[in-house]
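Input: a single structure, listed below in structure tokens.
The values are calculated or read from the model by the stated rules, or taken from the named source; none is laboratory data. The shown structure was predicted, so the numbers you read here are calculated from the model rather than taken from an experiment. Neighbour counts run over all protein chains shown; Cβ positions are idealised from the backbone, glycine included. Accessible surface areas use protein heavy atoms only, side chains included; no ligands, DNA or RNA. Shrake-Rupley method; radii C 1.70, N 1.55, O 1.52, S 1.80 Å.
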Number of protein chains: 2
Amino acid sequence: MLYIGCDVGGTNIRSAVIDESGRILGEAKMRALMEKGAKVVLGQIVDSFREAISRAKAKKEDIRAVGIAMAGQHDSKAGICIFSPNFGWENVPVIPSLQEEFPVPMFLGNDVNLATLGEWKYGAGKGYKWVVMITLGTGIGGGAVLDGKLMLGATEMFAEVGHMTILPNGPRCGCGNHGCWEALAGRDAIVRRAVMKLQDGRKSSLLKIVDYNWRELTPEIIANEANRGDEVAKEVIEETGYWVGIGVANLINIFNPEVFIIGGRIAQAGELLFGAIERTVKARGLKASWGPCKIVPAALGDDAGVMGAVAFARQRLGEEL
Amino acid sequence: MLYIGCDVGGTNIRSAVIDESGRILGEAKMRALMEKGAKVVLGQIVDSFREAISRAKAKKEDIRAVGIAMAGQHDSKAGICIFSPNFGWENVPVIPSLQEEFPVPMFLGNDVNLATLGEWKYGAGKGYKWVVMITLGTGIGGGAVLDGKLMLGATEMFAEVGHMTILPNGPRCGCGNHGCWEALAGRDAIVRRAVMKLQDGRKSSLLKIVDYNWRELTPEIIANEANRGDEVAKEVIEETGYWVGIGVANLINIFNPEVFIIGGRIAQAGELLFGAIERTVKARGLKASWGPCKIVPAALGDDAGVMGAVAFARQRLGEEL
């Protein structure tokens, strides 16, 4: 039997045909035409299913179920996207619409929650029962598998960790609050930290890379230059590690996990970032909580969403994985 | 069948004989002689069992199981208190020792976790599946029932919420960190807030009550005077509600509960405190998370520990409650 995992982001739609062992047999990726509205995007999603099946040299009849990972808050029982601020969607009947065109069992869940499930089943959380994951990106998303079970919360808003206040009079966040974790450790905060140092006249390899056009700086560029030894970039990554670390310490105190997984491109900054995170966790967390907890980078990269979506669909069907 | 629930605090030991419907039939309370060491205290605990049985006019043979709620980190499978900073205990074999004198099935758990279970089974969390509880006292403890299951965490440190950093350069906490939630909203912080206002020369009914002896101020006295209209006390309770509220907002974002229970004596400050907490939660939390969540005071008061201890023992025996 085969499954389709689909990861719908603000930028791309990605579908993969995956077998029972978790192997990806074929996939399709396309730019999501969000600006054209939900109906067009739902059509693209079905197209991506068909393309992935064809790439996997499979047939539609081989597909036992489909899992869909999507940013936002959903009603996974009804298959409705209740609210997705990134997409501008409200109460979109995702599963009912898709099933008209593609009538197989389908399951919808939050992207970071499902990525956590993916890392737990196939990646950095494999073999553990208490797993917390965050993704560092524009915002900071979270998910948790507790006592071997993916948590969704009362209204499928579990682990919205990015809006945890960690500096009450800190910078204003997109949500309206001040000093949210993601306002201090999200993409914009990281770039702003670099720009401020460059505006102070600091010399840095960052300047040449973006041809003095600060707007083109990204956390990935900064992480890269930090690992090549650029002092300004190193400071930015270390300061970022401090702010990431405060939230990680809080979540380790709260969830008492065996493993804490950090995903998102910036997590690839490696030892420089993880060293700063661990120093902060050890300075601020409870030893009885962080002592038994490993802090590790995500293992599945961009595959976590599609793998987790399949795991979610299979769990909902009652299959043992 | 009857059960014993025992709540061992730094000050008192309390045991209650409880029937299958959750009714307390008899109880014993005594001052815990912590200064005399674990052996003496364990002897007191057995005494409290016997006294409670006698008060309930029951026989030892009626007792199906015992649950013990105790501050600290435990190995509930082995019945060992791994670490209890309040008691100064490390690796004390609580259950094996007690069972020598009182050989019935016995189960040990963290006091706040078990109180959460008690509130869920019999109190403010009854009928819900997603419940978070905090207790406001010297420190801030936490517990959570998620998807209908009490969470213990990988090493039984679940929901150690009091040491969540919410003000990185804030006051130093007993744990060594700065700006822990309990350093801003725990007992000492509340009293300090009042003392500072009094030292500034503010007039207040608080002064007469403690006969100008600021050291005798307690959060309960302050809450009382606030409810009688004293301006200084009202300000202190409102400011406390702000700091409590930041942590509550964070935990509601993180756990997405249906109900958030606040226990501890200061929670009896009522509307003045809860109003300030709710304003902060609404200003700082995500509406999709706090919208569907009720914030309520604990319902069982001092009984939560003994009731939860019995519920814990019964769950461990596999009984459906």
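Overview of results
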quantity: Extended-chain gain in nm, criterion 0.36 nm per residue less alpha-carbon gap, B:K129 and B:E271; calculated: 48.5 nm
quantity: Convex hull volume per residue for chain A, taking Cα atoms only, in Å³; calculated: 138
quantity: For region B:211-321, with +1 on Lys and Arg beta carbons and -1 on Asp and Glu, the positive-most of B:A304, B:G241, B:L251 along the dipole; calculated: B:L251
quantity: Radius of gyration and Dmax over the Cα atoms of region B:133-208, both given in Å; calculated: 16.1, 51
quantity: Using a 7 Å Cα-to-Cβ projection, A:M1 label spacings across copies, nm, ascending; calculated: 3.8
quantity: Accessible surface buried once B binds A (1.4 Å probe; total of both sides; Å²); calculated: 3300
quantity: For region A:53-118 versus region A:246-286, the gap between their alpha-carbon centres in whole angstrom; calculated: 31
quantity: Summed side-chain charge close to B:S76 - residues other than B:S76 whose Cβ falls under 12 Å, Lys, Arg +1, Asp, Glu -1; calculated: 0
quantity: Cα-projected label distance for A:N91 with A:M30, points at 7 Å along beta-carbon direction, nm; calculated: 2.8
quantity: J(HN,Hα) series, region A:285-301, from Karplus relation 6.51 cos²θ - 1.76 cosθ + 1.60, nearest Hz, glycine and proline x; calculated: x, 7, 4, 5, 9, 7, x, x, 10, 8, 10, 9, x, 4, 9, 9, x
quantity: Whether region A:188-257 is rounded, prolate or oblate, judged on the alpha carbon gyration tensor where a/c under 1.5 counts as rounded; calculated: prolate
quantity: Interface residues in region A:252-293 - accessible area drops by 30 Å² or more relative to the isolated chain, probe 1.4 Å; calculated: A:N253, A:I254, A:F255, A:N256, A:R284, A:L286, A:A288
quantity: Counted charge near A:L184, where neighbours are those whose Cβ lies closer than 12 Å (Asp, Glu -1; Lys, Arg +1); calculated: +1
quantity: Exposed GluC sites (Glu not before Pro) absent: longest stretch of chain A, with sites in DSSP loops and at most 13 other Cβ within 10 Å deemed exposed; calculated: A:21-319
quantity: Charge dipole magnitude, Cβ of K and R +1, D and E -1 - region A:191-321, Cα centre, debye nearest 20; calculated: 380
quantity: Gyration tensor verdict on region A:1-132 (Cα atoms; rounded if a/c is under 1.5, prolate if a/b is larger than b/c, oblate otherwise); calculated: oblate
quantity: Residue with peak Gaussian network fluctuation, chain B [Cα springs, cutoff 10 Å], from B:A16, B:A226, B:A283; calculated: B:A283
quantity: Accessible-area ranking of A:D302, A:D62, largest first, probe 1.4 Å; calculated: A:D302, A:D62
quantity: Trypsin sites (Lys or Arg not before Pro) lying in DSSP loop within region B:206-284, provided at most 10 other Cβ fall within 10 Å; calculated: B:R228
quantity: Distance (nanometres) between label positions extended 7 Å along Cα→Cβ at A:A78 and B:H178; calculated: 4.9
quantity: Accessible-area composition of region A:1-155, carbon plus sulfur, in percent [1.4 Å probe]; calculated: 50
quantity: Table column - 3J(HN,Hα) (Hz), region A:50-66, Karplus curve with 6.51, -1.76, 1.60, x for Gly and Pro; calculated: 5, 5, 5, 4, 5, 5, 7, 6, 10, 10, 4, 5, 6, 7, 7, 6, 10
quantity: Of all DSSP beta bridges in the protein assembly as shown, antiparallel share, percent nearest 5; calculated: 60
quantity: Among A:V281, A:V306, A:V195: highest mean-square fluctuation, GNM of chain A, C-alpha pairs under 10 Å; calculated: A:V195
quantity: Label geometry 7 Å along the beta-carbon vector: A:G291 inter-copy distances in nm; calculated: 4.3
quantity: Estimated 222 nm signal from helices in chain A, with DSSP H stretches of n ≥ 4 weighted -39500 (n - 2.57), rounded to 500; calculated: -12000 deg cm²/dmol
quantity: In region A:1-73, the trypsin sites (Lys or Arg not before Pro) that fall in loop regions by DSSP, at most 13 other Cβ within 10 Å; calculated: A:R23, A:K57, A:K59
quantity: Cα gyration tensor shape for region A:195-310, rounded if a/c is under 1.5, else prolate or oblate; calculated: oblate
quantity: Kirkwood hydrodynamic radius of the protein assembly as shown, from inverse mean 1/r over distinct Cα pairs, in Å; calculated: 26.3
quantity: Gaussian network model of chain B, Cα within-10 Å springs - most flexible of B:D147, B:D303, B:D211; calculated: B:D211
quantity: Long-range HN-HN contacts of A:G137 with modeled amide H, under 5 Å; calculated: A:R187
quantity: Distance from region B:128-162 to region A:198-239 (C-alpha centre basis), Å; calculated: 42
quantity: Cα gyration tensor of region A:69-208 - equivalent ellipsoid semi-axes, whole Å, descending; calculated: 33, 19, 16
quantity: Two-site FRET efficiency, A:E61 against A:K294, from Cβ-Cβ distance with R₀ of 35 Å, rounded to 0.05; calculated: 0.25
quantity: Amide H within-cut-off set for B:K294, under 5 Å, with H built and near neighbours excluded; calculated: B:V259, B:F260
quantity: Charge dipole (debye, nearest 20) of the protein assembly as shown; +1 at Cβ of Lys and Arg, -1 at Cβ of Asp and Glu; calculated: 380
quantity: Estimated D of region A:247-321 in µm² per second, where Rh is the Kirkwood radius over Cα pairs and Stokes-Einstein applies at 4 °C, 1.567 mPa s; calculated: 93
quantity: For the protein assembly as shown, accessible area per residue (1.4 Å probe, heavy atoms of protein chains only), Å²; calculated: 40
quantity: Table column - 3J(HN,Hα) (Hz), region B:305-321, Karplus curve with 6.51, -1.76, 1.60, x for Gly and Pro; calculated: x, 5, 5, x, 4, 5, 4, 4, 4, 5, 4, 5, 7, x, 7, 7, 9
quantity: For region B:234-295, size of Cβ-based charge dipole, Lys and Arg +1, Asp and Glu -1, in debye; calculated: 140
quantity: Label 7 Å beyond Cα on the Cβ vector: B:G43 copy-to-copy distances, nm; calculated: 8.4
